[in-house]
Amino acid sequence: MRLITWNINSVRLRLDLVLRLLEEESPDVLCLQETKVVDDLFPRAAFEERGWGHIALAGMKGYNGVAIVSRLPIDAHDVHHWCGRQDCRHVVARLPGDIEVHNLYVPSGGDVPDPEKNEKFAHKLAFLDEMIAWWPTARRADDRLVVVGDLNIAPLENDVWSHRQMIDVVSHTPIEVETLTRMQRSLGFVDALRHFVPESEKLYTWWSYRARDWAASDRGRRLDHVWVTPPLAPALTAARVRRDARGWAPKPSDHVPVVVDLAP
DNA sequence: ATGGTAGCGTAGCTA
């Protein structure tokens with residue numbers, strides 16, 4: 001099974017790029033974040049016509065939004081909301097083979113890494129803390145789970161271009177790294193990308209739009225992740241980042257797809 | 001220290 005996660009930053013504006021990815025990679029399951037569209041206006045037909053006819057959505061107007069687009073039947077799906085909001089950041093699909101995919105869009109957290117001074121940062125930490133409490137009550141470490149998405153945290157030193165210069169920057173602060181690590185440990189999730197790419201190697205999935213030349217400066221961060229529970233870890237056969245998609249014309253997303261292959 | 005870009009939707013918020 002091939003599974004891809006991609007923060008698309010408007011699925012309607014970049015539908016042509018999504019279709020290009022489907023053509024090039026032919027994934028079984030594509031998980032999108034920041035679709036920025038209500039469910040009724042999601043471009044279903046484009047996916048259905050190409051064979052990805054099973055779709056689970058949680059979208060809203062203008063912001064956030066997650067989608068799971070699948071070639072495999074989706075037996076059931078759920079939408080979860082956190083922190084008392086209805087902000088469309090978590091959709092779940094159950095797939096054949098008793099695999100459950102959780103597609104997440106974790107709050108970005110604003111600019112100031114202090115929950116006392118910045119409500120957005122407090123929300124980001126609260127969102128993760130709620131999930132950390134929820135996982136062990138709702139699922140088991142021996143379930144066959146895949147957690148993907150834009151987690152908006154780069155946990156390892158080589159998940160950012162400069163650990164030293166990023167230590168006080170939201171996405172790489174110690175409190176965020178510690179919180180994300182606690183979520184990872186809540187069910188013993190295995191980091192699929194780092195299962196294949198050594199921690200000593202720089203690895204990014206996001207580059208700011210604000211750089212003059214994203215490729216030359218290469219000030220990236222690894223914000224997008226794929227985790228699996230221990231029963232699925234032996235099935236991992238490959239994981240890679242489609243860095244080239246950051247340059248796709250005419251208007252790339254600031255995130256690139258992460259591709260993971262699981263043996264049957 | 002600051003400003004740099006992008007999407008939605010048409011002002012200002014979010015990232």
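The values are calculated or read from the model by the stated rules, or taken from the named source; none is laboratory data. Quick caveat: nothing in here was measured; it's all calculated off a predicted structure. Here the Cβ is made from the backbone with ideal geometry for all residues, glycine too, and neighbour counts use every protein chain on show.
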Quiz item: Do we find a residue being surrounded by 19 or more Cβ atoms within 10 Å (Cβ to Cβ) and among the acidic types (Asp, Glu) anywhere in the range A:97-104?
Solution: yes
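Any residue that is crowded, with 21+ Cβ neighbours inside 10 Å and within 15 Å of DNA strand B (Cβ to nearest atom) - is there at least one of those in the range A:126-134?
Residues of the range A:126-134 that are crowded, with 21+ Cβ neighbours inside 10 Å, as a first pass: A:127-128, A:131.
Imposing the further condition that a residue be within 15 Å of DNA strand B (Cβ to nearest atom) reduces the set to A:127-128.
The answer is yes; a qualifying residue exists.
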Practice problem: Please note which helices (runs of 4 or more DSSP H) are completely contained in the range A:159-264 and include at least 2 residues that are touching a strand residue (DSSP E or B) at 6+ places or on another chain (Cβ under 7 Å) and surrounded by 14 or more Cβ atoms within 10 Å (Cβ to Cβ). | Solution: A:192-196
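If the requirement is being in a strand (DSSP E or B) and small (Gly, Ala, Ser), which of these qualifies: A:ALA133, A:ALA141, A:ALA56, A:ALA122? If you could, list the steps in order and put the result at the bottom.
Values: A:ALA133 fails: in a strand (DSSP E or B); A:ALA141 fails: in a strand (DSSP E or B); A:ALA122 fails: in a strand (DSSP E or B).
Only one candidate qualifies: A:ALA56.
Quick grid of which residues meet (1) in contact with a Ser or Thr (Cβ under 7 Å, 6 or more places away or on another chain); (2) over 21 Å from A:LEU19 (Cα atoms):
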| position | (1), (2) |
| --- | --- |
| A:VAL197 | no, yes |
| A:TRP206 | no, no |
| A:ALA211 | yes, yes |
| A:THR229 | no, yes |
| A:ALA238 | no, yes |
| A:GLY247 | no, no |
| A:SER253 | no, no |
Quiz item: So which of A:ASN158, A:ASN118 is within 15 Å of DNA strand B (Cβ to nearest atom) and more than 17 Å from A:GLU34 (Cβ to Cβ)?
Solution: A:ASN118
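Considering only residues of the range A:64-74 that are surrounded by 13 or more Cβ atoms within 10 Å (Cβ to Cβ) and free of Cβ contacts under 8 Å to residues at least 40 places away in the same chain, which is farthest from DNA strand B (Cβ to nearest atom)?
Within the range A:64-74, the subset surrounded by 13 or more Cβ atoms within 10 Å (Cβ to Cβ) is A:64-72, A:74.
Filter once more, keeping what is free of Cβ contacts under 8 Å to residues at least 40 places away in the same chain: A:68, A:74.
On the way: A:ILE68: 19, A:ILE74: 25 Å.
So, considering only residues that are surrounded by 13 or more Cβ atoms within 10 Å (Cβ to Cβ) and free of Cβ contacts under 8 Å to residues at least 40 places away in the same chain, the one farthest from DNA strand B (Cβ to nearest atom) is A:ILE74.
Regarding A:ASP39, is this residue within 14 Å of DNA strand B (Cβ to nearest atom) and at pLDDT 95 or above? Lay out the reasoning, then the answer.
Numbers: within 14 Å of DNA strand B (Cβ to nearest atom): yes; at pLDDT 95 or above: yes.
Yes, satisfied.
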Quiz item: Mind checking which residues of the range A:16-53 are farther than 23 Å from A:VAL226 by Cβ, of a type in the set (A, V, I, L, M) and not in a loop (DSSP other than H, G, I, E, B)?
Solution: A:LEU41, A:ALA45, A:ALA46
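If we keep just the residues of the range A:197-207 that are in contact (Cβ under 8 Å) with a residue 40 or more places away in the chain and more than 18 Å from the chain's Cα centre (by Cα), which is nearest to DNA strand B (Cβ to nearest atom)?
Kept after step one, since they are in contact (Cβ under 8 Å) with a residue 40 or more places away in the chain, are these residues of the range A:197-207: A:197, A:199-207.
Filter once more, so that each one left must be more than 18 Å from the chain's Cα centre (by Cα): A:199-202.
On the way: A:GLU199: 25, A:SER200: 28, A:GLU201: 25, A:LYS202: 20 Å.
Filtering first and then ranking leaves A:LYS202.
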Practice problem: All but one of (1) within 15 Å of DNA strand B (Cβ to nearest atom); (2) basic (Lys, Arg); (3) touching a residue at least 40 places away in the same chain (Cβ under 8 Å) hold for A:ARG210, so report the exception by its number. | Solution: (3)
Quiz prompt | Near pairs, Cβ below 7 angstrom, 6+ apart or cross-chain, from the range A:8-23 (without any contact (Cβ under 8 Å) to a residue 40 or more places away in the chain) to any residue that is among the basic types (Lys, Arg) and within 15 Å of DNA strand B (Cβ to nearest atom) | solution = A:SER10/A:LYS36
Quiz item: Given the residues A:ASN103, A:ASN9, which is the only one that is at pLDDT 95 or above, under 15 Å from the mean Cα position of the chain (by Cα) and in a loop (DSSP other than H, G, I, E, B)?
Solution: A:ASN9
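Taking the condition in contact with a strand residue (DSSP E or B) (Cβ under 9 Å, 6 or more places away or on another chain) and more than 15 Å from DNA strand B (Cβ to nearest atom), does A:GLU25 pass? Reasoning before the result, please.
Numbers: in contact with a strand residue (DSSP E or B) (Cβ under 9 Å, 6 or more places away or on another chain): yes; more than 15 Å from DNA strand B (Cβ to nearest atom): yes.
Here the answer is yes, as A:GLU25 does meet what is asked.
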Exercise. Of all residues in the range A:91-115, count the ones that are within 14 Å of DNA strand B (Cβ to nearest atom) and either closer than 20 Å to A:PRO257 by Cα or touching a strand residue (DSSP E or B) at 6+ places or on another chain (Cβ under 9 Å) (or both).
Key: 5
Quiz item: Hey, A:VAL101 hits all of (1) in contact with a Cys (Cβ under 8 Å, 6 or more places away or on another chain); (2) without any contact (Cβ under 8 Å) to a residue 12 or more places away in the chain; (3) among the hydrophobic types (A, V, I, L, M, F, W, C) but one; which does it fall short on?
Solution: (2)
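Among the residues of the range A:226-264, write down those that are more than 16 Å from DNA strand B (Cβ to nearest atom) and either at pLDDT below 95 or of a type in the set (Ser, Thr, Tyr) (or both). Before you say what the answer is, go through the steps one by one.
Filtering the range A:226-264 for residues more than 16 Å from DNA strand B (Cβ to nearest atom) gives A:226-244, A:257-264.
Correct list: A:THR229, A:THR237, A:PRO264.
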